[in-house]
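The values are calculated or read from the model by the stated rules, or taken from the named source; none is laboratory data. Treat the numbers as computed from the prediction; the structure is a model and nothing was measured. Using ideal geometry, Cβ is built from the backbone for each residue, glycine included, and neighbour counts are taken over all protein chains shown. Ligands, DNA and RNA are stripped out before the accessible areas are found, and what is left, the full protein with its side chains, is counted by its heavy atoms. Shrake-Rupley method; radii C 1.70, N 1.55, O 1.52, S 1.80 Å.
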Amino acid sequence: MVFVITDDPDYTYIAPSLDTNDDRFPDAELTPEDYLEFAIRDLKEGGRRGLVNSFGNSKRCIHLLVDELLWQYGLLARNQKVGFPGRLELLGDLGILSAKILRRLNVQRNAMEHDYVTPSEEVTQDAVDVAGLLVLAASTLRRRVICEAVVGEVDTGRHLLMTINRKEGNSEFREISTDRIHQADGVPYVEYIRMSDGGLMPDVSVSDECIRKVSLKLSNRDEWWPIMTLVIHIQRPYSDTPSISVPITEEIYKKTLAWVNGPG
């Protein structure tokens, strides 16, 4: 279990409670890895057609990956009208992508704006390299993607279940009832609310009523920024921590969150 006491003014602690080991953009027939493979093959083919196709597939790979990274944190659904530069800026501000990768992506973005010019072999090779770098970075971030966490509320002392609703683009909070409360450095926290199959522990209940719903829209940034930065703060160390229970499969993940996302 990863348990972090925070100095956030709204939350005393955060602890992941549910994750998935893969989170692909819905309804996409091809993956970023597919586009990267196409780009590599096209580059080897060479010639004007090969360069144009390779460059185009690198661009598709990068754009899809950026959307997938935003999607996994629930930040895509309500920000569809934000342009590619704005999406990159958001990923950078949250610390999801490193400054090095962002610099490479921004340089490449300038070249990609010229859709009707045959790219040089050098520019095309660089596009393929940047796409490959982003694919590698994204694979690390997807080892265990947090989709739910337990947080302690400063003002009320309540323990809340925070769920990222990717489909609607919200973070949703429900109150937890349990005697499974421990102390660490004077901070009360709830330990292990889920069993290895994804279900709640017998002595844990979660309210069906959503007591707070926060829209993950850029214009609403001040309201969701604190909790999202906490989630991302624990994402990397959590991804490298051995799972205490069996891995949560995509099937269990969908079943567990069905009551949040509703039908469809």
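Residues in the stretch 213-223 that are among the polar types (S, T, N, Q) and open to solvent by 60 Å² or more (accessible area, probe 1.4 Å): Ser219 only. If you check Asp10, Asp34, Asp42, Asp67 for being within 29 Å of Tyr189 (Cβ to Cβ) and of a type outside the set (Phe, Trp, Tyr), only one passes: Asp10.
Within the stretch 1-49, the set of residues being assigned to a helix (DSSP H, G or I) and β-branched (Val, Ile, Thr) comprises just one member, Ile40. Scanning the stretch 194-212 for residues that are under 24 Å from Lys167 (Cα atoms), surrounded by 12 or more Cβ atoms within 10 Å (Cβ to Cβ) and of a type outside the set (Ser, Thr, Tyr) turns up Arg194, Asp197, Gly198, Gly199, Leu200, Val206, Cys210, Ile211, Arg212.
Scanning the stretch 128-175 for residues that are open to solvent by 10 Å² or more (accessible area, probe 1.4 Å), touching a strand residue (DSSP E or B) at 6+ places or on another chain (Cβ under 8 Å) and either among the aromatic types (Phe, Trp, Tyr) or over 18 Å from Leu75 (Cα atoms) (or both) yields Glu153, Val154, Gly157, Arg158, His159, Arg174, Glu175. Report the residue count in the stretch 1-57 for those that are open to solvent by less than 40 Å² (accessible area, probe 1.4 Å), among the small types (Gly, Ala, Ser) and farther than 27 Å from Gly152 by Cα. So the count comes out to 5.
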